[in-house]
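One structure is given below, encoded as structure tokens.
The values are calculated or read from the model by the stated rules, or taken from the named source; none is laboratory data. Values in this document were obtained by computation on a predicted structure and should not be read as measured data. Note that each Cβ is placed from the backbone with ideal geometry, even for glycine, and that neighbours are counted across all protein chains shown.
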Amino acid sequence: MKVRFTAETPYDRARGLMFSKPLASDEIAVFKFDNDTTSGFWNRNVSYPIKIAFFDSNFNMVDFKDLAAEQTSTVKAMKPYRYAVELANSDSDVVDLVDIKHYLEKTYGNKL
């Protein structure tokens with residue numbers, strides 16, 4: 001699993017994957033928030049479909065959503081979350097959600 005980028009600022013989170021090449025099947029993009037949030041996501045100016053996994057501050061997945069290419073309607077997690085992880089929407093799921101959870105725990109576990 002490769003991390004394409006980590007978005008920790010409001011600007012980086014707002015820009016996200018806009019105008020980028022498609023995520024490879026083994027790539028993720030991580031969105032970290034300082035506090036729990038219910039902010040929504042869309043796929044504006046992203047020419048490919050993606051999946052989003054939402055994780056709480058204890059690194060438990062709280063929701064999972066699919067976004068179509070160029071989707072401008074917002075999707076929100078069912079519960080507040082601290083991390084959103086975007087991954088390729090492909091038939092061959094190379095990235096495992098357990099691997100994402102372990103990555104988040106290793107990277108942010110001591111930084112809450």
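Is it the case that region 85-103 has a residue that's among the β-branched types (V, I, T), closer than 16 Å to R15 by Cα and either surrounded by 13 or more Cβ atoms within 10 Å (Cβ to Cβ) or at pLDDT 90 or above (or both)? Outline the logic, then answer.
First, pick out the residues of region 85-103 that are among the β-branched types (V, I, T): 85, 94-95, 98, 100.
With closer than 16 Å to R15 by Cα added as a condition, the list becomes 85.
Checking which are either surrounded by 13 or more Cβ atoms within 10 Å (Cβ to Cβ) or at pLDDT 90 or above (or both) leaves us with 85.
Within region 85-103, one or more residues are among the β-branched types (V, I, T), closer than 16 Å to R15 by Cα and either surrounded by 13 or more Cβ atoms within 10 Å (Cβ to Cβ) or at pLDDT 90 or above (or both).
Answer yes if at least one residue in region 2-24 is surrounded by fewer than 19 Cβ atoms within 10 Å (Cβ to Cβ), assigned to a strand (DSSP E or B), among the aromatic types (F, W, Y) and out of contact with any Phe, Trp or Tyr (no Cβ under 7 Å at 6 or more places or on another chain), and no otherwise. I'd like the intermediate steps shown before the answer.
Kept after step one, since they are surrounded by fewer than 19 Cβ atoms within 10 Å (Cβ to Cβ), are these residues of region 2-24: 2-6, 8-15, 18-22, 24.
Pick out the ones that are also assigned to a strand (DSSP E or B) and you get 2-6.
Restricting the remaining residues to those that are among the aromatic types (F, W, Y) gives 5.
Checking which are out of contact with any Phe, Trp or Tyr (no Cβ under 7 Å at 6 or more places or on another chain) leaves us with 5.
Within region 2-24, one or more residues are surrounded by fewer than 19 Cβ atoms within 10 Å (Cβ to Cβ), assigned to a strand (DSSP E or B), among the aromatic types (F, W, Y) and out of contact with any Phe, Trp or Tyr (no Cβ under 7 Å at 6 or more places or on another chain).
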Which listed residue, of N43, N35, is more than 17 Å from V95 (Cβ to Cβ) and touching a Lys or Arg at 6+ places or on another chain (Cβ under 9 Å) = N35
Quick check: anything in region 68-75 among the hydrophobic types (A, V, I, L, M, F, W, C) and touching a Phe, Trp or Tyr at 6+ places or on another chain (Cβ under 9 Å)?
-> yes
